[in-house]
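A.B. asks: One structure coming up, written as structure tokens, with questions to follow.
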Amino acid sequence: MSNLRVRFAPSPTGHLHIGGARTALFNFLLARKERGTFVLRIEDTDVERSTQGYVDAILDAMAWLGLDYDEGPFYQSRRSELYKNKVKELLVSGHAYRCYCRPEELEAKRNAAIQKGGKPRYDGRCRDRSDQPENSPYVVRFKTPREGYTEFLDKIKGPISVANEELDDLIIQRTDGTPTYNFVVVVDDAEMRINLIIRGDDHINNTPRQIPIYKALGYQIPEFAHVPMILGADKKRLSKRHGATSVMAYKEMGYLPEAMINYLVRLGWSFGDQEIFSLEELVDKFNLENVGKSAGVFNPEKLLWLNEHYIKTADTERLAGLITPLLTDKGIDVSKGPALDAVVKTLQDRAKTLVDLANSATFYYQAPQNYDSNAVTKFLTEDKKAILELMILQINRFDVLTSHHVEQLFGHIIDETGLKMGKIGPAVRVALVGTAQSPSLYDVIAVLGKEETLQRLQNAVDRLFS
Ligand code: GLU
């Protein structure tokens, strides 16, 4: 175990989206690579927008992606005593003060500042007041230093420096006694001994506000790495307009978690021009040095391409297990029909998603209800009746049908009729499947088996030729 301690700190105000999942992944990979500790903290202080449903959704998505954490989940909503004590500590040490300014006053001052073209900032009226008006509501503000600079070396963005006079006296506790984000995040990261914070660069302006709080509380300041945002193809911040952004929506659409992981890691990190990475390889190769400084662009086609790759190379039995519920939803009982493994084997080379795979597996379990009329006109011309009948005759000679037998069978038919496979194959395919597309006919017949094949051929003869 190294002493690296990283964390993922989602707010349960929505589903786990692509950007959040990538942040979680980067933290996870670095923790695994360095044999450090990955902490999960649920930032649920916004009681109005946080829900248990979203907590569960985030945990489910992390489990689906395989992003296991070593500690947590910790919930900020269960840590209010700690935050209250830390506010007290700052009040006692003089690093924070009670502010009794009323919201209307502040609003008026803010508007006046904006009209003058200045930055709306708290004017510090209560900063040095010594009286404590009784029974007046107050917030607690952090006494941000007025001179000097707050500086840090971001591991992705490089050196960052902000003049302290630019920083406001941040509210750390609201009138109702609840603490605010910039304060609790410092207390938690410090108390959880997080020493490297990897998060989205939408938080980069918060970091200079947080650093003085670490100092005031006597905490060690962690290192920071702010990861660039993810944009849509139009270079605007990724949103629903660009397609599904929630990780679990991709699960529903039939994506494999390893495709998602591979896709997410490449949104901002690279290793030469390599595109395909196994998880073990990522744990070995991932580093912050190769995280780019500019925003990643979300490209759904590439995600689909990766998914296709992973379906092609996935274990057949696993795929069968994954599509069983999808087939059940279609009313198919896979125990009544060919073995699903054998079915998947004939299809996994050309499916882009699990949904595709399930859709294309249905014909094995459901004999054609209708025949595609274009395919019938083109391939099942009157002269093909004899071929189907000949085939029925030949099949009856076998006890079982392996793909080797099927090859033999077509050999006989070609010999007897003098027709080419190019004429025979499509006719048999339409008779068996109802359309002109299917995997290799040899495989289809072998998987359907003798009885089902005979029945489908006979049906086609009876229904299409009268
Ligand atoms: N809870 C914050 C968010 O979801 C993350 C805070 C952080 O990483 O510091 O955006």
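A.B. asks: Can you go through 190, 163 and tell me which one is more than 12 Å from the ligand (Cβ to nearest atom), among the small types (Gly, Ala, Ser) and either more than 24 Å from residue 85 (Cβ to Cβ) or at pLDDT below 95 (or both)?
C.D. replies: 163
A.B. asks: Also, I was wondering about something else. Among the residues of region 19-35, what is the count of those that are within 13 Å of the ligand (Cβ to nearest atom) and touching a Leu at 6+ places or on another chain (Cβ under 7 Å)?
C.D. replies: Summing the residues that are within 13 Å of the ligand (Cβ to nearest atom) and touching a Leu at 6+ places or on another chain (Cβ under 7 Å) in region 19-35 gives 4.
A.B. asks: Residues in region 142-154: is at least one hydrophobic (A, V, I, L, M, F, W, C), more than 16 Å from the ligand (Cβ to nearest atom), in contact with an Asp or Glu (Cβ under 9 Å, 6 or more places away or on another chain) and closer than 28 Å to residue 293 by Cα?
C.D. replies: Scanning region 142-154 turns up at least one residue that is hydrophobic (A, V, I, L, M, F, W, C), more than 16 Å from the ligand (Cβ to nearest atom), in contact with an Asp or Glu (Cβ under 9 Å, 6 or more places away or on another chain) and closer than 28 Å to residue 293 by Cα.
A.B. asks: Any residue at all in region 175-185 that's in a strand (DSSP E or B), within 30 Å of residue 47 (Cα to Cα), modelled with pLDDT of 95 or more and touching a strand residue (DSSP E or B) at 6+ places or on another chain (Cβ under 6 Å)?
C.D. replies: The answer is yes, given that some residue of region 175-185 is in a strand (DSSP E or B), within 30 Å of residue 47 (Cα to Cα), modelled with pLDDT of 95 or more and touching a strand residue (DSSP E or B) at 6+ places or on another chain (Cβ under 6 Å).
A.B. asks: Based on what the data block shows, is residue 199 over 28 Å from residue 128 (Cα atoms) and away from the ligand (no atom under 12 Å from the Cβ)?
C.D. replies: Considered against the rule, which asks whether it is over 28 Å from residue 128 (Cα atoms) and away from the ligand (no atom under 12 Å from the Cβ), residue 199 comes out as no.
A.B. asks: What pairs come out if I take residues in region 454-466 that are surrounded by fewer than 16 Cβ atoms within 10 Å (Cβ to Cβ) and pair them with residues that are part of a helix (DSSP H, G or I) and not hydroxyl-bearing (Ser, Thr, Tyr) whose C-beta lies under 6 Å away, six or more apart or interchain?
C.D. replies: Qualifying pairs under 6 Å: 465/385.
A.B. asks: Under 7 Å by Cβ, and 6 or more places apart or on different chains, what pairs join a residue from region 290-319 that is under 12 Å from residue 345 (Cβ atoms) with one that is at pLDDT below 95 and surrounded by fewer than 18 Cβ atoms within 10 Å (Cβ to Cβ)?
C.D. replies: none
A.B. asks: Still on this model: With the condition kept exactly as written, say whether any residue in region 328-344 is β-branched (Val, Ile, Thr), assigned to a loop (DSSP other than H, G, I, E, B) and within 31 Å of the chain's Cα centre (by Cα).
C.D. replies: Yes - at least one qualifying residue is present in region 328-344.
A.B. asks: Next question, about the same structure. Given the criteria crowded, with 22+ Cβ neighbours inside 10 Å, closer than 16 Å to residue 200 by Cα and within 15 Å of the ligand (Cβ to nearest atom), does residue 38 qualify?
C.D. replies: It is false that residue 38 is crowded, with 22+ Cβ neighbours inside 10 Å, closer than 16 Å to residue 200 by Cα and within 15 Å of the ligand (Cβ to nearest atom).
A.B. asks: Condition first: in contact with a Ser or Thr (Cβ under 8 Å, 6 or more places away or on another chain), within 13 Å of the ligand (Cβ to nearest atom) and not in a loop (DSSP other than H, G, I, E, B). Now tell me which residues in region 1-18 satisfy that.
C.D. replies: 6, 8, 17
A.B. asks: Could I ask something else about it? Filter region 83-125 for residues that are under 30 Å from residue 44 (Cβ atoms) and part of a loop (DSSP other than H, G, I, E, B) and give the result.
C.D. replies: 95, 100, 101, 102, 120, 121, 122
A.B. asks: Name, by its number, the condition in (1) within 14 Å of the ligand (Cβ to nearest atom); (2) within 30 Å of residue 132 (Cα to Cα) that does not hold for residue 88.
C.D. replies: (1)
A.B. asks: Condition first: among the aliphatic types (A, V, I, L, M) and either under 22 Å from residue 359 (Cα atoms) or part of a helix (DSSP H, G or I) (or both). Can you find one or more residues in region 285-300 that meet it?
C.D. replies: No, because not a single residue in region 285-300 is among the aliphatic types (A, V, I, L, M) and either under 22 Å from residue 359 (Cα atoms) or part of a helix (DSSP H, G or I) (or both).
A.B. asks: List the pairs whose first member sits in region 171-189 and is of a type in the set (D, E, K, R), whose second member is in a strand (DSSP E or B) and within 15 Å of the ligand (Cβ to nearest atom), and whose Cβ atoms are under 8 Å apart, counting only residues at least 6 apart or on separate chains?
C.D. replies: 188/41; 188/74; 189/7; 189/197
Condition check ((1) without any contact (Cβ under 8 Å) to a residue 60 or more places away in the chain; (2) touching a helix residue (DSSP H, G or I) at 6+ places or on another chain (Cβ under 9 Å)) across all residues:
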residue: 333; (1), (2): yes, yes
residue: 340; (1), (2): yes, yes
residue: 348; (1), (2): yes, yes
residue: 373; (1), (2): yes, no
residue: 376; (1), (2): no, yes
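The values are calculated or read from the model by the stated rules, or taken from the named source; none is laboratory data. Since the model is a prediction, treat every value here as computed from it, not as a measurement. Neighbour counts are summed over all protein chains in view; Cβ atoms, including those assigned to glycine, are modelled from backbone coordinates with ideal geometry.
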